[in-house]
Structures are given as C-alpha cells and as structure tokens.
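Worksheet for the structure shown next.
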Amino acid sequence: IKPYVTYARSSLTLETNNNSMDPAVIQAGHIGQAELKEAGIKATLFEDRLYFATAVYEQTRTDVRVQDDPTLGAEVSSSITKGWETEVKWAPTRNLVLSAYALFQESEYLFDTGGTIMVDARTLGFQDVLDANGNVLYPAEAFLYGGRAFLVLPPGLSEYRTRQGNPERQFGLNANYELENGLGFTLSGNHFTSTYSGRLKLIELPAATVLNAGAFFDWRDTRVKLDVFNVTDERYFRARSGDTLGDAMFSPMPDRRYQLTLTSSFK
C-alpha cells in the first residue's frame, strides 16, 4: 500500500506559432501557468491479484486568449478543475481479469469571464417555416446556412461559470476471459452522464451507456479476433472542445460496427 502526493507547476509564454503576441495578450498577462495538486493511494493486494488506485486532484490553468474580433480584447480563459478518480483491477483466476473505473470531475472558470460564442439561427429567434399541414419546409437553422453568427456573452454572469462539454460522472468496466484451448471473450462498457454541448446550455447531450463485446482465438503464433463496438446501437454524442464553437457544434458518435482482425507473428 503506497500513499503518494504530487505537486507540479509549469509556465509558458502565450505566443503564437510564429513567436508573436497580440497587444491584448501582453496587457492581460503574457505568461500562462498550470498547477496540479494530487494525493492518492495505490495498492497491490492478495499476491498481486488485486490492484487498487484512488486519487483526488485539483488542476488550475491561467491563460489569456484573443477573440476573432480584436475590439473585444483578450478573453480570460483561466479555469480550475477538481475531481476524484479510482480504478480497480482484479484477477480472481488465471483466466479471468476484471477492471473498473469511476471519475467524478467538475470544472469552472476562475472568473466570470465573457466571450464571443457562435450560435445558430434558432438561437437568434428564427422559426421553422411550415406548410399548411404543419410539415417543416425550411428549418430555422437554414436562415444562416453559409454564414456564421456570434453572440457576445458579457462578463460578470456567474450562471455561466461552469465549463460544459465533459460529463462530470464517468464509469467504465472491462472483462477478459480466456479458455485453456485459446478461445477467449472480452466485454467492456462505459457510462457517461448527461452534459451540455456548450457554454450557453442550449442543447443537453443525453446520458449514454456504450457496450463493446469481442471474441478471439489463439493458435500458435496466430490470433483471430472479432469485435463488436456499440453492441446495443446506442445513439450518443460528444461535445466539441473549446468554448467559442457554440452549442450547435457537437459530433454524433458511430453506430454499431464490426471489426475482424487477423494477427500472425513470424520468427
């Protein structure tokens, strides 16, 4: 059983790839910093059959960023992230390995900063164009196809302090079982709680549980493996990274899919 503590701090110059800095960045502070505080326990028990690790952490980032519109000045994107994570691996027999993890994490801005956020036409108040039967002829979003519109979020609004896009609760499970004749099976899954796709909290991405299954056969130096990803054909989404792309920008994740792999080693 090994308890541990980690403290790390780093800094860098907030310059572009051609070693230049915008005047707004210089005025707001051109040195970015990151700080990590972490404490946890790692343990290997029962003759190495059980591995356990858990940790609490706090990570702070100090950053300054320039918006597309230079008249808005520099946006302070400094944030703090706090969380707890744990992982367990258990091998009750020589043929079976089980593992699981859990993550609880919250992230928010250090300041109630404003910014410019891309929005669609529906957010700006446009409505669907319907025919006499109520069918949609032109969706509201079509009024801005071919262009981009941005909403200016003023600073000082504490209800927008929480950073969106990453599920605050995440869980995972993995199992691997192999018979003596070389035939084996795998099962894994993840659960993500719901989250908003962007800072304005206009679109809530639903919670999702994704399961994967597989079977493999080992014969001498050859392995044949069949994997089925997203077995239940779960429909789920992932938010885009960054805070200026807007709530409407998120990615649909793949449906059920199959993968056949043949691996052979030559000596």
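What to note about this one:
- Highest-fluctuation residue, Ala132, Ala34, Ala142 considered, GNM on the chain with Cα pairs under 10 Å: Ala132
- Ordering of 254-263, 198-207, 171-180, 39-48 by packing [mean C-beta count within 10 Å, highest first]: 198-207, 171-180, 39-48, 254-263
- A crude spin-label estimate for the pair Ser11 and Tyr145, with each label 7 Å from Cα along the Cβ direction, gives 5.1 nm.
- Residue among Phe237, Phe126, Phe52 with the largest mean-square fluctuation in a Gaussian network model of the chain, springs linking Cα atoms under 10 Å: Phe126
- Considering only beta bridges that DSSP places wholly inside region 129-232, some 100 percent are antiparallel.
- Positive dipole terminus of the chain, leading residue within Leu205, Tyr145, Leu12 (C-beta point charges): Leu12
- Per residue value of the accessible surface for the chain (all protein chains in place, 1.4 Å probe), Å²: 64
- Set of region 186-216 residues, backbone N closer than 14 Å to the point 7 Å along the Cα-Cβ line of Asp227: 186-190, 211-216
- Surface composition of the chain: carbon and sulfur atoms hold 55% of the protein heavy-atom accessible area at a 1.4 Å probe.
- In this structure, the amide hydrogen of Thr116, modeled 1.01 Å from its nitrogen in the peptide plane, lies closer than 5 angstrom to those of Leu153, counting only residues at least 5 positions away or on a different chain.
- Span from the region 152-177 Cα centroid across to the region 191-253 one, whole angstrom: 15
- Loop-located trypsin sites (Lys or Arg not before Pro) across region 130-177 with a Cβ neighbour count of 13 or fewer within 10 Å are Arg148, with loop assigned by DSSP.
- Spin-label pair Ala102/Thr193, simplified geometry with 7 Å Cα→Cβ offset, distance in nm: 1.1
- Take the Cβ atoms of Tyr4 and Phe111, set R0 to 30 Å, and the FRET efficiency comes out at 0.40.
- 3J(HN,Hα) along region 116-130: 9, 10, 6, 10, 9, 5, 5, 4, 7, x, 5, 10, 5, 8, 10 Hz, from the Karplus curve 6.51 cos²θ - 1.76 cosθ + 1.60 with θ = phi - 60°, whole Hz, x for Gly and Pro.
- Note, ³J(HN,Hα) from phi for region 190-195, Karplus 6.51, -1.76, 1.60, rounded to Hz, x at Gly and Pro: 9, 10, 10, 6, 5, 8
- When region 94-139 is reduced to its Cα atoms, the Kirkwood hydrodynamic radius in Å: 16.9
- With R₀ fixed at 30 Å, the C-beta to C-beta distance from Arg169 to Leu262 puts the FRET efficiency at about 0.20.
- Built amide H within the under 5 Å cut-off of Asp128, gap 5+: Ala140
- FRET efficiency estimate (nearest 0.05) - Cβ-Cβ, Leu211 to Leu50, R0 25 angstrom: 0.50
- Set Lys225/Lys267; Lys2/Lys201; Lys82/Lys225; Lys89/Lys201 screened for pairs whose C-alpha atoms are more than 31 Å apart: Lys2/Lys201; Lys82/Lys225; Lys89/Lys201
- Counting every alpha-carbon pair across the chain, the share separated by more than 34 Å comes to 42%.
The values are calculated or read from the model by the stated rules, or taken from the named source; none is laboratory data. These numbers come from a predicted model, not from an experiment. Heads up, the Cβs are rebuilt from the backbone with ideal geometry, glycines too, and the neighbour counts pull from every protein chain shown. Remember, those area values only see protein heavy atoms, side chains included, never the ligands or the DNA or RNA. Shrake-Rupley method; radii C 1.70, N 1.55, O 1.52, S 1.80 Å.
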